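What follows is a short report on a single structure.
Please treat every number below as a calculation from the coordinates, not as lab data. Source: prediction; values computed, not measured. Glycine gets a Cβ as well: all are built from the backbone with ideal geometry, and neighbour counts include every protein chain shown.
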Amino acid sequence: GDSVTQMEGPVTLSEEAFLTINCTYTATGYPSLFWYVQYPGEGLQLLLKATKADDKGSNKGFEATYRKETTSFHLEKGSVQVSDSAVYFCALSAPIFANAGGTSYGKLTFGQGTILTVHP
Amino acid sequence: EAQVTQNPRYLITVTGKKLTVTCSQNMNHEYMSWYRQDPGLGLRQIYYSMNVEVTDKGDVPEGYKVSRKEKRNFPLILESPSPNQTSLYFCASSFMTGHGYTFGSGTRLTVV
């Protein structure tokens, strides 16, 4: 079945440090890939996404590139801030069924999450 | 504002007392799903629904029921809650694959 593996945390950085959170996946077909962020006490928010190989998703200074050859979608940010402290989830969605109109849907499969703490 | 609304946010209950967690979305999404989040396990799918009256099991459906009588609502029902169902629950909805999912704010359930 589909699976997502994230680097284990927690990750602790000083402000303005470079961030990388590794994510690799196993899936049949051609999944869409996502990074979600969960701030303390809140639900998950979509941070960025990529739907095909070599696509780069970006948002709020975060980037991730869909690498089909290495089945990876690593999250990076050049200079983290204290406000980036959160839990980050890598996820994939592989189309597994379609409705009569041809719209496809897929289950989201998540990694375990990586806790990021940024100190001033 | 486009959103997924869950209620309640927090719930403490006793073993065996039936409860329902409500979920409503205002985006006209066809696909809705329930997840539970547990430390070290990430998020696991409980049930999902492709449309009205169409539901199916996810990875951890035991002890849960769902219904989809209207497009906007997808309640999660625990007929006889047990302590191992203590968890953080999220409802999510989606337009289609590749568009990402919109999550509710979560329901923290404690079963004693």
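At a glance:
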{"item": "Sequence-separation-based contact order of segment A:12-52, relative, with Cα cut under 8 Å and 6+ spacing, percent", "result": "32"}
{"item": "Neighbourhood net charge (14 Å Cβ-Cβ; Lys/Arg +1, Asp/Glu -1) for B:THR110", "result": "+3"}
{"item": "Proxy reagent accessibility, fewest Cβ within 10 Å first, across B:ARG9, B:ARG68, B:ARG36, B:ARG44", "result": "B:ARG9, B:ARG44, B:ARG68, B:ARG36"}
{"item": "Share of alpha-carbon pairs per 5 Å distance bin for segment B:1-87, given as whole %", "result": "3, 13, 24, 26, 19, 11, 3, 0"}
{"item": "Likely footprinting exposure, A:SER79, A:SER58, A:SER72, A:SER93, fewest C-beta neighbours within 10 Å first", "result": "A:SER79, A:SER58, A:SER72, A:SER93"}
{"item": "Across A:LYS52/B:LYS18; A:LYS56/A:LYS107; A:LYS68/B:LYS57; B:LYS17/B:LYS69; A:LYS60/B:LYS18, pairs whose alpha-carbon gap is larger than 32 Å", "result": "A:LYS52/B:LYS18; A:LYS60/B:LYS18"}
{"item": "Average Cα contact separation per residue, chain A, under 8 Å, 6 or more apart, as relative contact order %", "result": "34"}
{"item": "Charge sum, other residues only, whose C-beta stays under 10 Å from A:TYR66's C-beta, Lys/Arg counted +1 and Asp/Glu -1", "result": "+3"}
{"item": "Residues B:TYR10, A:TYR30, B:TYR47 arranged by fewest to most Cβ contacts within 10 Å", "result": "B:TYR10, A:TYR30, B:TYR47"}
{"item": "Cα-Cα separations in the protein assembly as shown greater than 30 Å, expressed as whole percent", "result": "24"}
{"item": "Reachable aspartates and glutamates, given that their alpha-carbon falls under 20 Å from the alpha-carbon of B:LYS65 and they are not under 8 places away in the same chain", "result": "B:GLU30, B:ASP38, B:GLU53, B:ASP56, B:GLU79"}
{"item": "Local electrostatic count, A:LEU33, Cβ distance below 15 Å [Lys/Arg +1, Asp/Glu -1]", "result": "0"}
{"item": "Other protein chain Cβ atoms within 10 Å, averaged over every residue that makes up A:43-52", "result": "4"}
{"item": "Contact order relative to length of segment B:1-97, as percent, for alpha carbon pairs under 8 angstrom and 6 or more apart", "result": "35"}
